[in-house]
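Nothing in this text is a laboratory measurement; each read-out follows from the coordinates by a stated rule. On a predicted model such as this, the values are computed, not experimentally measured, just so you know. Quick reminder, even Gly has a Cβ in these numbers, built from the backbone with ideal geometry, and neighbours come from all protein chains shown.
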Amino acid sequence: MNKTNIDIQSLLRDHIRSMTPYSSARDEFEDVSKENIFLDANENPFGTATGEPYNRYPDPYQRAVKAKLSPIKNIPADHIFLGNGSDEPIDLLFRAFVEPQKDNVIILPPTYGMYKVSADLNNVEVREVALTADLDLDVEGILGKVDENTKIIFVCSPNNPTGGAVSSEKIEQLLSGFEGLVIVDEAYIDFSSQPSFISKLSEYNNLIVLQTFSKAWGMAGLRLGMMFASPEIIKVFNTIKPPYNINQLTQEKALEALDNVEKVEDMVDKLLKERTRLEEALDKMPFVKNRYPSDANFILIQVEEADKMYDELVEKGIVIRNRSKVLLCDQGLRISIGTEEENNRFLEEFSRLG
Ligand SMILES: Cc1ncc(COP(=O)(O)O)c(C=O)c1O
């Protein structure tokens, strides 16, 4: 059932609506399976200096990866866009939909920093509506900030840096109450008990879901982000993206990982057990004033002297993230869940700081 029917074309920036994409050699002649002689892309026929087969341009649309990802995410391949990390689709969202010095976007601090960085880079006004004291969405406040030039609301759930998921009902209230795009960034969804919003794409045509291979999939170094949206939006992204945005090696490694989903599930299980163990240990430390519930692979705590504790841990060779200057995270320290040994070292050193 369609709960929203937003005119996506009218949200696009004018020049994007009429844009012709770059036509690459692999767009014009797609079939690389036959024994053809390829003299069309000015590649080097010999291969790399190391003898590896990376002399050919990769599939611009990563069809094999999307075909494997589609049943795992339970969404047709034409609803998937892959980016160089999630940061690429975040930037492309601005370039496609948000007119610099005219349009605006809404972010909900404390939240992931790249939405504002991308907005600043694209010379776009950012409106901020803080999460409520219990770290949920202030739907009324958010909708109150919307005007006719508001194009995007960025929701991060589970949220970075606080760790908790926000209420699904409230995200749906935004989707149906806002005539623009709602981005639900689910970078940490594999660690959450909440279901993904991917299943809501058939109901809301203004919904865009972001996920990444950088967290549960353990592939941050390869840079692969996922965006799920209507085929209409995916088509726009395919028009404006750099032609070969996902390199061959990343595509190959993603295909291997997608054949080993159970290993990812194992890692997530281990990390969740470690998360519980860390939570229980932190709760026993008298100098930990507050621990936020986590749906992610990190825990945010509040202490008395965050800067001092952060520096002392660094001196011991343990690096966590000092979030003490971030809104609603006063004296906050964010700890990523490591291996059992890493977490033991952290607990040992941290408990001595009290
Ligand atoms: C909420 C959120 N979204 C996206 C990202 C970035 O993901 P990627 O590595 O795919 O660019 C992060 C990274 O920390 C994040 O916390």
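Under 16 Å Cα-Cα from residue 116, which aspartates and glutamates qualify once same-chain neighbours fewer than 8 residues away are excluded?
Those aspartates and glutamates meeting the cut-off are 87, 88, 91, 99, 103, 125, 128, 185.
Let me test this: with uniform point scatterers at the alpha carbons of region 89-159, what is the Debye-based log₁₀ I(q)/I(0) at q = 0.16, 0.22 1/Å?
Taken in order of the listed q values, log10 I(q)/I(0) reads -0.51, -0.93.
In percent, how large is the relative contact order of the chain, given Cα pairs closer than 8 Å and 6 or more residues apart?
Dividing the mean separation by the residue count of the chain yields 18 percent.
Total Lys pairs in region 262-352 closer than 28 Å by alpha-carbon, pairs eight or more apart in sequence or interchain only?
Close lysine pairs found across region 262-352: 16.
So how far, in whole Å, is the C-alpha centre of region 73-127 from the one of region 1-71?
With region 73-127 and region 1-71 each reduced to a Cα centre, they are spaced 21 Å.
Rg and Dmax of region 182-222 over Cα atoms: what are they, in angstrom?
Looking at region 182-222, its Cα Rg and Dmax stand at 11.3, 34 Å.
What residue among 53, 32, 69 has its Cα farthest toward the positive end of the dipole of region 15-77, where the charges are +1 on Lys, Arg and -1 on Asp, Glu, each on the Cβ?
It is 69, whose Cα lies furthest towards the positive end.
Could you list which residues have their amide H under 5 Å from that of residue 230, counting only those 5 or more apart in sequence or on another chain, with H placed in the peptide plane?
Amide H neighbours of residue 230: none.
What translational diffusion coefficient, in µm²/s and rounded to a whole number, does the Stokes-Einstein relation yield for region 262-352 at 20 °C and a viscosity of 1.002 mPa s, taking the hydrodynamic radius as the Kirkwood radius over Cα pairs?
Diffusion coefficient, whole number: 160 µm²/s.
Near the amide H of residue 156, under 5 Å away, which other amide H atoms are found, from residues 5 or more places off or on another chain, if H is placed in the peptide plane?
The answer is 185.
Hey, can you grab everything whose amide H is under 5 Å from the amide H of residue 85? Only 5+ residues off in sequence or another chain; H modelled, so Pro and N-termini drop out.
224, 225
Rank the residues 256, 179 as a footprinting-exposure proxy: fewest other Cβ atoms within 10 Å of their Cβ go first.
Least to most surrounded, the residues fall as 256, 179.
Can you run phi through the Karplus equation (6.51, -1.76, 1.60; θ = phi - 60°) for region 63-75 and list ³J(HN,Hα) in whole Hz, with x for Gly and Pro?
4, 5, 5, 5, 5, 7, 6, 3, x, 5, 8, 6, 8
Determine, for 284, 270, 116, the number of other Cβ atoms within 10 Å of each Cβ, and report the residues in order from fewest to most.
284, 270, 116
Please list, or write none, the lysines whose alpha carbon is within less than 18 Å of the alpha carbon of residue 235, excluding same-chain residues fewer than 8 places away.
66
Kindly write out, for region 121-138 in residue order, the coupling ³J(HN,Hα) from the Karplus curve 6.51 cos²θ - 1.76 cosθ + 1.60 (θ = phi - 60°), rounded to whole Hz, with x marking Gly and Pro.
Using θ = phi - 60°, the values come out as 4, 8, 6, 10, 5, 10, 9, 10, 10, 4, 4, 6, 4, 8, 6, 10, 7, 8 Hz.
With an 8 Å cut-off on Cα pairs and a minimum separation of 6 or more residues, tell me the relative contact order of region 295-335 in percent.
Relative contact order, region 295-335: 47 percent.
Using only Cα atoms, what is the ratio of the radius of gyration of region 1-158 to 2.2 N^0.38 Å?
1.37
For residue 292, what is the net charge nearby, where nearby means another residue's Cβ is under 14 Å from its Cβ and Lys, Arg count +1, Asp, Glu -1?
With Lys, Arg at +1 and Asp, Glu at -1, the neighbours total 0.
Counting each DSSP H run of 4 or more residues in the chain as -39500 (n - 2.57), what helix-only mean residue ellipticity at 222 nm follows after dividing by all residues, to the nearest 500 deg cm²/dmol?
It lands at -10500 deg cm²/dmol.
Once you keep just the Cα pairs under 8 angstrom separated by 6 or more residues, what percentage relative contact order results for region 210-354?
Worked out over region 210-354, it gives 17 percent.
Using every Cα-Cα pair within region 173-297, state what percent have a distance larger than 25 Å.
I get 41 percent for the Cα pairs in region 173-297 exceeding 25 Å.
Where the centre of each part is set by its Cα atoms, how far does region 290-328 sit from region 164-217, in angstrom?
Between the Cα centres of region 290-328 and region 164-217 lies a distance of 26 Å.
For helix 231-240, report the angle its Cα long axis makes with the longest principal axis of the Cα atoms of the chain; keep it between 0 and 90° and round to the nearest 10°.
80 degrees
Quote the Stokes-Einstein diffusion coefficient, in whole µm² s⁻¹, for the chain, based on the Kirkwood radius over alpha carbon pairs, a temperature of 20 °C and a viscosity of 1.002 mPa s.
It diffuses with D of about 97 µm²/s by this estimate.
From the phi angles alone, apply the Karplus equation (6.51, -1.76, 1.60; θ = phi - 60°) to region 28-39 and give each ³J(HN,Hα) in whole Hz, x where the residue is Gly or Pro.
7, 9, 7, 7, 8, 7, 6, 7, 7, 9, 9, 10
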